[in-house]
Amino acid sequence: MTPRLTDDEVSGLPLATARAELLEEIMSTPLSEPTEIQPATRSRRHWSVPLAAAAAVAALVAAPTYLLAGGGADAPTPAGGAGRTAATEPTTPPVATAHEWLVLDAAGWQVVYSSGAEGWHEVQYENGDQRLDISVVAAELRDGYVEDRQRLDYPDVDPGTPVQLAGADALMWPYSADDHTAIGVAVQGVYPEARGAGMGREAYVELIGQLRWTDQSGFEASLPDTSVTGSEREDVVDEMLRDVPVPPSWEAPGSTETDRYQLGAAVAGSVSCQWIDEFARATRSGDQAAAARAAEAMSTSRDWAILQEMDATGDYPDVVWELADELAAGHVPQGYSQALGCP
């Protein structure tokens, strides 16, 4: 029998660094991995973050700090505790504009990725070997992320260096000499974080000063021609479904994705989720005909044009195809909801 850890032993575990690393991994992982389905990995490919990932972040942030900070008597105490190094919180009043997206107006920088969901927007810019990752995150997660950034050099605590981000106060921390991140004030229920790599501190500070807030329409206007705007989305979804067998009760997902890959994942994933749900229901009830129809529909997934297109740059199609193989073998795949990001 495995012995249980005492409270003192738990408090001595170096979990703060692991917590920060796990938070970073959650937001850069292709998919939440299911129990059985293991998608193939490829370098520098698209990823799709299901809502379960954001929920996992929220769960980590909500966990008791005394379990996550670790380090025993010499470690920094939890937020609000005695001895904690206090950061000077940004106080710049927000400007009167919609705080939905941050866009970069700087020569040479191009949008290479964007994704949007309620409470979490992301945009990635590149300029040669330089990269700027921008996140707009639900305000209730801010304190937890500030604590993580303060402990990047654990056990030392860095309260952050005051800088300006999109015309407002922010706090900055270094990952290395050419890799920095800054967290701004919470406004209109969200807060920004911008991480820049491949540039020194001065260049990074100058760059994030050129960020500006905008609304959904303003963000879409800043995107390259290959992106999918709101006015185009319905037609693009119809085109993606042209060779896809759709479940009888299927409804298009309410996705606001502007990145074609992410929109394709939302569409193909929604169809796949409902077919596998139907297969599971039919299997439980002994409805062999319905189970066969669902398995047959999913067996065509390797011919879906949108998945073939996505397979050139991402791993999501591999997950769908592995799940389809499970259905063909007569099995309800374990963890499929998590793997596909099903609602």
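The values are calculated or read from the model by the stated rules, or taken from the named source; none is laboratory data. Computed from a predicted structure; not experimentally measured. Because the Cβ atoms are built from the backbone with ideal geometry, glycine has one as well, and the counts that use them run over all protein chains shown.
Which residues, counting only those in region 127-162, are without any contact (Cβ under 8 Å) to a residue 60 or more places away in the chain and crowded, with 19+ Cβ neighbours inside 10 Å? Scanning region 127-162 gives Val136, Val137, Arg142, Val146.
Of the helices (runs of 4 or more DSSP H) lying entirely inside region 201-248, the ones with 3 or more residues being outside the structural domain of Gly108 (by TED's automatic domain parsing) are found at 216-221, 230-240. Evaluation of Tyr336 against the conditions (1) of a type outside the set (Gly, Ala, Ser); (2) loosely packed, with under 14 Cβ neighbours inside 10 Å; (3) farther than 26 Å from Glu234 by Cα; (4) within 19 Å of the chain's Cα centre (by Cα) shows that the sole unmet condition is (2). The set of residues from region 182-192 being crowded, with 24+ Cβ neighbours inside 10 Å and of a type outside the set (A, V, I, L, M, F, W, C) comprises Gly184, Tyr191, Pro192.
Matching residues to (1) more than 18 Å from Glu100 (Cα to Cα); (2) surrounded by 11 or more Cβ atoms within 10 Å (Cβ to Cβ):
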position	(1), (2)
Gly209	no, yes
Arg212	no, yes
Val237	yes, yes
Met240	yes, yes
Pro248	yes, no
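Can you find even one residue in region 298-311 that is at negative phi, surrounded by fewer than 15 Cβ atoms within 10 Å (Cβ to Cβ), part of a loop (DSSP other than H, G, I, E, B) and in contact with a Cys (Cβ under 9 Å, 6 or more places away or on another chain)? No, region 298-311 has no match at all. A single entry from Gln164, Gln150, Gln188, Gln110 fulfils the requirement of being under 26 Å from Arg233 (Cα atoms) and more than 17 Å from the chain's Cα centre (by Cα): Gln110. In region 312-330, which residues are in contact with a Ser or Thr (Cβ under 9 Å, 6 or more places away or on another chain) and either in a loop (DSSP other than H, G, I, E, B) or of a type in the set (Lys, Arg) (or both)? Across region 312-330, the qualifying residues are Asp315, Gly330.
Scan region 111-137 for residues that are at pLDDT 95 or above and either touching a Gly at 6+ places or on another chain (Cβ under 6 Å) or of a type in the set (D, E, K, R) (or both) and jot them down. Answer for region 111-137, where residues must be at pLDDT 95 or above and either touching a Gly at 6+ places or on another chain (Cβ under 6 Å) or of a type in the set (D, E, K, R) (or both): Glu126, Asn127, Asp129, Gln130, Arg131, Leu132, Asp133.
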